[in-house]
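Q: Below you'll find the structure I mean.
Read-outs throughout are calculated quantities, based only on the coordinates presented, and are distinct from any laboratory measurement. Source: prediction; values computed, not measured. Note: ideal-geometry Cβ built from the backbone for every residue, glycine included; neighbour counts use all protein chains shown.
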Amino acid sequence: MRTYLGLIPLCLLLAACASTGRPETRGDLATQLEPLLQRQDVQIAVAYRNLGTGAFFFHNEDDSFHAASTMKVPVMMALFQGIDAGERRLSDPIPVRNQFQSLVDASPFALDPKADGDPELYQAVGSSRMLEELIRRMIVRSSNLATNILIERLGASRATDMLRSLGAYQMKVVRGVEDEKSFKAGLNNTTTAKDLAILLTALVQGDTFSPASSAKMIEILKQQEFNEKIPAYLPKGIPIAHKTGDITGVHHDAAIVFPPGEAPYVLVVLTSGFLDEKKANQAIAEISRVVWQRRGASPHRPVPSQRQDNENEKPPLGNAAAGGSRGGDGHGPRRSAESNR
């Protein structure tokens, strides 16, 4: 009940942004971002909202992408929803195992430590770890093993139910990661920039979860160890609570940025089609830098339901492929088609 009440205003707020924003003048955020979004070879989605000034920008925010490891955010939030309801505690011991069932046919599969951002956890197989440690590893190091253990315990449908209760109607969590049979069958976790923005805004507003749970989740997100995207070109020391997502050809980052002495802002950048992960990281970092520089700009959003290239700064790095402009894991080891980080 509390989740619905806390999120209804949030949904209405974001819906209003998507339909009633007024265009900015030349030189505004949209103009500065335009060169970064106008690409024919990749798809880019952006959702930005300054929670202090009301400034906002959306580009392809309803386009659906493979979620990669950004799906770990709703998994974390659904677990904390259960903690707030008294169903579990952060100190609960959870058995660590590396055998899971495919969503397609329930056949067993195991994860490869070499393809995981957190190979250390595999040494704990056969023992137990506290729930808080597994959540932290899932977010901070993007542990695939921790993710599958937690989804198996939670149930993917609980994460999707939590999303719907917040007004995030398009993102879906249907399974754990590295389930190659499901990946080939097209049974994938998906997301949109708008839905991830809804989740992060809910954390900042603090009226959906208990104050302790909201604070703990933001603290965990601030400890993210993969910082080549949204944080890369921002001033050193800026607090950023975020989660990346990478699989082959898909690279995302979803963040809450906390400028000193100002209200935070939410920025989500999703990409698909980059053949080089470093170029994807650079494109996301450039978009982030422009938003940082223009974060005090007046509110705006492109005309709804029309294709358009919106917002840019800095030369050619990103641009939305065919898709409406209405106003976004993997680390270390080489990844296969669905090796999440």
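Q: Greater than 19 Å separation of Cα atoms is the criterion. Which listed pairs, K222/K279; K181/K279; K194/K243; K72/K172; K72/K216, meet it?
A: Numbers: K222/K279 24 Å; K181/K279 29 Å; K194/K243 15 Å; K72/K172 11 Å; K72/K216 15 Å.
Table pairs above 19 Å Cα-Cα are K222/K279; K181/K279.
Q: Once you list every other residue whose beta carbon is under 10 Å from the beta carbon of A110, what net charge do they have if Lys and Arg are +1 and Asp and Glu are -1? Write down the numbers at each step before the final one.
A: Details: positive: R97; negative: D112, E178.
Surrounding charge for A110 is -1.
Q: Aspartates and glutamates within cross-link reach of K278: Cα-Cα under 20 Å, excluding same-chain residues under 8 positions apart?
A: Qualifying aspartates and glutamates at Cα under 20 Å: D41, D116, E225, E228, D246, D253, E286, E313, D329, E338.
Q: Another question about this same structure. For the stretch 54-163, which trypsin sites (Lys or Arg not before Pro) pass both filters: DSSP loop (anything but H, G, I, E, B) and at most 12 other C-beta atoms within 10 Å? Intermediate values should be presented prior to the final figure.
A: Numbers: sites: K72, R88, R89, R97, K114, R129, R136, R137, R141, R153, R158; in loops: R88, R89, R97, R141.
Sparse-neighbourhood loop trypsin sites (Lys or Arg not before Pro): R89.
Q: Now for a different question. With the contact rule set at Cα under 8 Å and sequence spacing of 6 or more, what percent relative contact order holds for the stretch 150-212?
A: Contact order relative to length: 31 percent.
Q: Oh, and also: Mind listing the long-range amide H neighbours of L90? Cut-off is under 5 Å, sequence gap 5 or more, other chains count too, H placed in the peptide plane at 1.01 Å from N.
A: Amide H to amide H, under 5 Å and 5 or more residues apart or across chains, L90 pairs with nothing.
Q: Classify the stretch 168-296 from the C-alpha gyration tensor, please: rounded if a/c falls under 1.5, else prolate or oblate depending on whether a/b exceeds b/c. Intermediate values should be presented prior to the final figure.
A: Working: a/c = 2.05, a/b = 1.25, b/c = 1.64.
Judged from the Cα gyration tensor, the stretch 168-296 comes out oblate (a/c at least 1.5, b/c at or above a/b).
Q: Could I ask something else about it? Which order do I287, I218 fall in if you start with the one that has the fewest other Cβ atoms within 10 Å? Intermediate results must be reported in sequence, preceding the final value.
A: Numbers: I287 33, I218 18.
The fewest-first ordering by Cβ neighbours comes to I218, I287.
Q: Using Cα-Cα distances under 8 Å and only pairs 6 or more residues apart, what relative contact order does the stretch 2-293 have, in percent? List each step's numbers first, then the result.
A: Values: 525 pairs, mean separation 75.3, N = 292.
Relative contact order, the stretch 2-293: 26 percent.
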